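Working notes for the structure below.
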Amino acid sequence: MSQAEASSLAHTPLDRWHRDAGAKMVPFAGYEMPIEYGSIVDEHQACRTKAALFDVSHMGRLRFDGDGAAELLDRLLTRRVIDLPVGGVRYAMVCNQDGGILDDVLVSHLKTPSDQYYYLLVVNASNRQKIVEWIKQQLDDFPTVTFTDRTELTAMIAVQGPLAMETCRKLFSFDPARLKYYQATITDQFSKPAIVSRTGYTGEDGFELVVRAEEANRIWENIMLAGRDAGFAPAGLGARDTLRMEAAMPLYGHELNESTDPISAGLSFACNLNDRDFLGRDAIAKIKTAGPKRRRVGLLPEGRRPAREGCDVIGADGKVVGTITSGGPSPTLGKPIAMAMVDVEVADQTEFEIDIRGKRSAAVVTKLPFYRRAKTDS
């Protein structure tokens with residue numbers, strides 16, 4: 001990366017901490033982000049067995065205040081928002097009129113200590129400006145809604161792993177373990193405001209924090225200190241990717257894009273089509289009725305060579321029937337894994353071949369996700 005390229009990249013509030021910790025920094029979605037601090041596998045295993053901290057401040061955080069905010073979001077998102085209770089979080093997508101996915105998002109309904117209500121939309125870093133412009137196109141119909149981009153004013157930290165909740169519960173005035181999955185609340189961390197949610201992108205339990213940018217380093221250090229004896233570790237984008245692949249979480253730009261609809265991506269659960277209208281609704285309904293042309297499947301390639309994004313998937317007749325969207329080694333399973341979009345006519349096959357750098361490797365179809373943590377009572 002040239003000096004000019006580096007100077008054009010944005011930095012999160014935790015940038016100096018990453019560098020002081022020896023992180024390898026790489027360009028990602030307009031930011032310079034840590035990909036690893038030493039070993040992707042070690043950071044992955046820390047998350048699976050103890051807990052890992054991820055700086056996800058590059059994700060966009062968009063706030064909606066005022067009467068009509070729920071109705072605006074209900075028009076924008078594939079998931080119903082007008083009945084989202086205070087403290088609720090929902091996964092949804094923003095689609096164009098053809099049903100193509102512009103982004104996948106999380107929407108939260110929050111209440112401040114002073115009884116102000118608002119919605120927070122978390123969007124992918126690479127899509128933030130696109131989604132901001134898409135939202136602005138709808139604002140004229142909602143003059144009482146105040147829309148603000150809070151990304152640069154805040155930081156976002158994810159703490160994921162089986163020891164995350166128990167170890168960190170004393171750090172906040174509200175016990176995050178009281179949150180059920182896909183819930184959020186506004187609390188404080190040593191008298192400073194913090195939004196705490198319980199969603200995750202790793203397949204593990206844990207929580208996410210949205211805090212003021214100037215408080216990010218203090219709170220990160222507090223969590224690291226609280227988890228020192230429990231083996232907490234900072235983790236970069238490399239481990240975040242291997243973790244989400246094992247959990248079969250779709251990633252925008254891989255499983256999701258403007259040429260892919262939610263039904264084909266296996267995300268019909270995040271589309272509320274009945275008794276409401278939203279951008280892209282009619283197109284998605286038609287696809288659901290007719291059936292998608294492609295389907296997302298999980299594959300276990302034979303041998304040790306991982307199948308990477310873009311590799312062709314070969315059917316029984318020797319023809320290309322799909323494409324690998326994500327693939328790589330699985331540290332937990334100890335073998336390669338991959339996700340692919342394949343033609344629906346062959347999606348029920350139990351085996352395929354994958355063209356990996358000019359050589360064909362057999363691959364067995366497997367149910368998704370590849371990894372599922374043990375169930376808890378929460």
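The values are calculated or read from the model by the stated rules, or taken from the named source; none is laboratory data. A quick note: this is a predicted structure, and the numbers were derived from the prediction, not measured. Every residue, glycine as well, gets a Cβ built from its backbone with ideal geometry; the counts of neighbours run over all protein chains shown. For the accessible areas, the whole protein counts, side chains as well, though only heavy atoms, and no ligand, DNA or RNA atoms are used. Shrake-Rupley method; radii C 1.70, N 1.55, O 1.52, S 1.80 Å.
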The lone condition Glu166 fails out of (1) open to solvent by 50 Å² or more (accessible area, probe 1.4 Å); (2) assigned to a strand (DSSP E or B); (3) farther than 28 Å from Gly66 by Cβ is (2)
Among residues belonging to the range 335-378 that are within 22 Å of the chain's Cα centre (by Cα) and of a type in the set (A, V, I, L, M), point out the one that is modelled with the lowest pLDDT. Ala374
Return yes or no: is Thr146 more than 27 Å from Tyr371 (Cα to Cα), among the hydroxyl-bearing types (Ser, Thr, Tyr), in contact with an Asp or Glu (Cβ under 6 Å, 6 or more places away or on another chain) and open to solvent by 20 Å² or more (accessible area, probe 1.4 Å)? yes
Members of the range 180-192 that are touching a residue at least 60 places away in the same chain (Cβ under 8 Å) and surrounded by 14 or more Cβ atoms within 10 Å (Cβ to Cβ): Tyr182, Gln183, Ala184, Thr185, Ile186
For the subset of the range 321-356 comprising residues that are in contact (Cβ under 8 Å) with a residue 40 or more places away in the chain and assigned to a loop (DSSP other than H, G, I, E, B), which member is farthest from Ala248 (Cα to Cα)? Ala347
Picked from the range 194-204 (must be under 14 Å from the mean Cα position of the chain (by Cα) and either of a type in the set (A, V, I, L, M, F, W, C) or not in a strand (DSSP E or B) (or both)), the residue farthest from Arg240 (Cα to Cα) is Arg198
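Per-residue answers, yes or no, for (1) touching a residue at least 40 places away in the same chain (Cβ under 8 Å); (2) over 24 Å from Leu163 (Cα atoms); (3) of a type outside the set (D, E, K, R):
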position	(1), (2), (3)
Pro13	yes, yes, yes
Met59	yes, yes, yes
Leu62	yes, yes, yes
Glu71	yes, yes, no
Leu76	yes, yes, yes
Arg79	yes, yes, no
Gly87	yes, no, yes
